[in-house]
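K.L.:
The following block contains the structure, expressed as structure tokens.
Every number in this text was worked out from the coordinates using simple rules, so none of it is lab data. In this text, all values refer to a predicted model and were calculated from it rather than measured experimentally. FYI the Cβ positions are ideal-geometry reconstructions off the backbone, even for glycines, and counts take in every protein chain you see.
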Amino acid sequence: MHRRRVAPMKTKPRDPGHRRVPTPRAGISRKETVAAGTALLVLAAALAACAPRSGSPDDPSGSMRPAGSSRAGVLGPPSEDGTPSGSADPAGPEPPPYGFASGPEVIGRSVEGRPLEMYRFGFGPVSRLIVAGIHGGYEWNTIALGHELIEYVGDHPGVVPADVTLFLLPALNPDGDARSHSFEGRANAHGVDLSRNWDSGWRTDWPRAGCWNHLPITAGSHPASEPEVKALSAFIESHDIEALISYHSAALGIFAGGQPAEPESVRLAEALAAVTPYPYPPLDGDCAFTGQFTDWAADHGIAAVDVELTNHTDTDFEINLRVLKVFLKWRP
Ligand SMILES: [Zn+2]
């Protein structure tokens, strides 16, 4: 592990230079990844409708599922009438009225009306959340990573501990993603930076020196002025989220939520840094951050970190599979 370490800072850097213009990833594009994932999940749903199944060696939670559920993950409503479709063991725990996986659930809409799609995996009382794409198409590889993780977890349900429910929102800013995969794709359709619109240290403006400043971008007219932020904050407040990751790109490392950083967020950041080349503390970009998502989450008692991928082109899937496994087993 050759992580570059710097001293902790009072202000946290984020996305200062964005040194590269995104280019299509060799071999597989995000759209191809998304299409492949969607096709797999649709296929899984079709299989679930016609084939009996049981738990597998990598699927210790299989016996918990109702008979109508799928090992590979069923997307969409769990059953025709919303009730349990079967009970494998009358003496065992009551199966929940849905399969191991469900989604996408539309938790809200973007400014331009695109759905904000949440996926769920597992049944446990401990709720974890991964959010990608808060900076839209400018950080499109985080969205691609989100879909790769959805596909992986759907196919490997044993990765989710029995006491955990994982929620994953692959694209918080779908309007930005649709607009451009360069600078122009960062803000939402109101020109708002969705990572500066949260009710935590929110300000109408901030010193631009040292911060991302490639285009005019605002914090919104007031905290949570944007529908994307309203939808996600409402979801979090109604789901008792214990810890979360927000994915960005690129290259600065891992940031712990809270200003100053909250101890549990620091512990989570350190745990993730230990299995990745992403540094914690992160690299110093000398930017003062306001209205940030992870700061808001930390204010609400959630262990929260921003994780920056290595560049604007790769999903770092193998690295973030390790992140996922540590994240799901980590306890405050
Ligand atoms: Zn970002």
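K.L.:
What's the Cα-based Rg to Rh of the stretch 201-246, Rh via Kirkwood?
P.N.:
Result for the stretch 201-246 is an Rg/Rh of 1.06.
K.L.:
Mark the label point 7 Å from the Cα of W330 along Cα→Cβ and return the residues of the stretch 233-270 whose backbone N is within less than 11 Å of it.
P.N.:
Within reach of a label on W330: 243-246, 254-257, 264-270.
K.L.:
R203 label point, 7 Å along Cα→Cβ, cut-off 16 Å on backbone N: hits in the stretch 240-283?
P.N.:
Correct set: 259-260.
K.L.:
Any chance you could run the full-extension gain for H239 through F317? It's 0.36 nm times the residue separation minus the Cα-Cα distance, nm to one decimal.
P.N.:
Separation in residues times 0.36 nm, less the Cα-Cα distance, equals 25.4 nm.
K.L.:
If R0 is 25 Å, what FRET efficiency do you get for D163 and H300 from their C-beta distance, rounded to 0.05?
P.N.:
0.75
K.L.:
Separate question: How long are the three semi-axes of the equivalent ellipsoid of the stretch 219-332, in whole Å, if each is the root of 5 times an eigenvalue of the C-alpha gyration tensor, listed from largest down?
P.N.:
Those come to 22, 17, 14 Å.
K.L.:
To continue, here is another question. How are the Cα pair distances of the stretch 139-226 distributed, in percent, across 5 Å bins from 0?
P.N.:
3, 13, 18, 17, 16, 12, 10, 7, 4, 0
K.L.:
Which of W206, W212, W140, W198 has the fewest other C-beta atoms within 10 Å, and how do the rest follow up to the most?
P.N.:
W206, W212, W198, W140
K.L.:
Give me D for the stretch 100-329 in µm² s⁻¹, whole number, from Stokes-Einstein with Rh from the Kirkwood sum over alpha-carbon pairs, 25 °C and 0.890 mPa s.
P.N.:
143
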